[in-house]
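First the structure, in the form of structure tokens, and then the observations on it.
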Amino acid sequence: MKAIKTTILLAVLLVLTTTLSNAQNQSFWVHEDQVKPSKQAEYEKVTKDFVEACKKHELKDANWAAARVDNGTYISIVPIENMADFDKNPLAPLMEKMGEENFWAIFKRFDACYNKHGDYVVHLIEDLSYMPNGLMSNTPGKDYRKWHYLYVTPSNAQALHTKIKEIKALYEKKGSKEYFRMYRSGFGSMGDYYLASVSAKDEQSYAKT
């Protein structure tokens, strides 16, 4: 098993207002853009322009959160119910209102900012997560995240599952003030891993906790 720590700053919720998750084993569709260092400012400008277009044209039924990882990767996170959600196109009304030319012009600006991007699914695992006051991904006032990746071979996945349960039990016994959500890699991911996500106000607050 290999553990990798990744620091991210979770941006404000984009477009609409629904809470990301308050359900057991909620699944998320993750889109990842590996943005060039020289293009990060432009990428953020395009993102803001896109969000403004969504607000201007009153886009409905499209909710996502955005995160920037400390290596310059930008991530969009969308809650989904099942694989059938991949067949839906929540941006279709936006394209219709904006016109195809204007719509695709924005995405051409995005495409100029990276050489690699892709999609995958992760699952929030309720029975491995430690949030005594209720399990949810949206944590108002705590937009900073510390991500701990726990990579594992398929043959050792169940053993790691058991160990994580033991860690959760220890946190419960000690009444730990550090809460975490545990995710499991899903469709589209190369390699098998668990991901522990810890929310905090900022990096200093995380370190103090």
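The values are calculated or read from the model by the stated rules, or taken from the named source; none is laboratory data. As the structure is a prediction and not an experimental result, all values here were calculated from the model. Neighbour counts run over all protein chains shown; Cβ positions are idealised from the backbone, glycine included. The protein model used for the area step is the full one, side chains on, heavy atoms only, and it has no ligands, DNA or RNA in it. Shrake-Rupley method; radii C 1.70, N 1.55, O 1.52, S 1.80 Å.
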How many residues does the stretch 182-209 hold that are among the polar types (S, T, N, Q), more than 26 Å from THR162 (Cα to Cα) and under 18 Å from the mean Cα position of the chain (by Cα)? 0
Which condition does CYS54 not pass, out of (1) assigned to a helix (DSSP H, G or I); (2) of a type outside the set (Gly, Ala, Ser); (3) modelled with pLDDT under 95; (4) open to solvent by 20 Å² or more (accessible area, probe 1.4 Å), if it passes all the others? (4)
Of everything in the stretch 193-208, what is open to solvent by less than 100 Å² (accessible area, probe 1.4 Å) and more than 18 Å from GLU126 (Cα to Cα)? Give them in sequence order. ALA200, ASP202, SER205, TYR206, ALA207
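How about the stretch 161-187: which of its residues are part of a loop (DSSP other than H, G, I, E, B) and open to solvent by less than 70 Å² (accessible area, probe 1.4 Å)? Outline the logic, then answer.
Keep residues of the stretch 161-187 that are part of a loop (DSSP other than H, G, I, E, B), which gives 175-179, 186-187.
Result: GLY175, SER176, GLU178, TYR179, GLY186.
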Identify all residues within the stretch 21-51 that are of a type in the set (A, V, I, L, M) and not in a helix (DSSP H, G or I); write none if there are none. ALA23, VAL30, VAL35
Name the single residue that is farthest from ALA66 (Cα to Cα) among those in the stretch 121-178 being more than 17 Å from the chain's Cα centre (by Cα) and among the hydroxyl-bearing types (Ser, Thr, Tyr). SER155
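Conditions (1) more than 18 Å from VAL35 (Cα to Cα); (2) touching a residue at least 12 places away in the same chain (Cβ under 8 Å), marked per residue:
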| position | (1), (2) |
| --- | --- |
| PHE86 | yes, yes |
| ASN89 | yes, no |
| GLU96 | yes, no |
| TRP104 | yes, no |
| LYS108 | no, no |
| CYS113 | no, yes |
| TYR120 | no, yes |
Among (1) in contact with a strand residue (DSSP E or B) (Cβ under 9 Å, 6 or more places away or on another chain); (2) free of Cβ contacts under 8 Å to residues at least 24 places away in the same chain, there is one condition TYR206 misses while meeting the rest; what is its number? (2)
Looking at the stretch 69-115 only, could you name the residues that are open to solvent by 90 Å² or more (accessible area, probe 1.4 Å), assigned to a helix (DSSP H, G or I) and closer than 28 Å to GLY186 by Cα? MET83, ASP87
Suppose we keep only residues that are open to solvent by less than 40 Å² (accessible area, probe 1.4 Å) and in a helix (DSSP H, G or I) within the stretch 138-160. Which one would you say is nearest to ALA196 (Cα to Cα)? LEU160
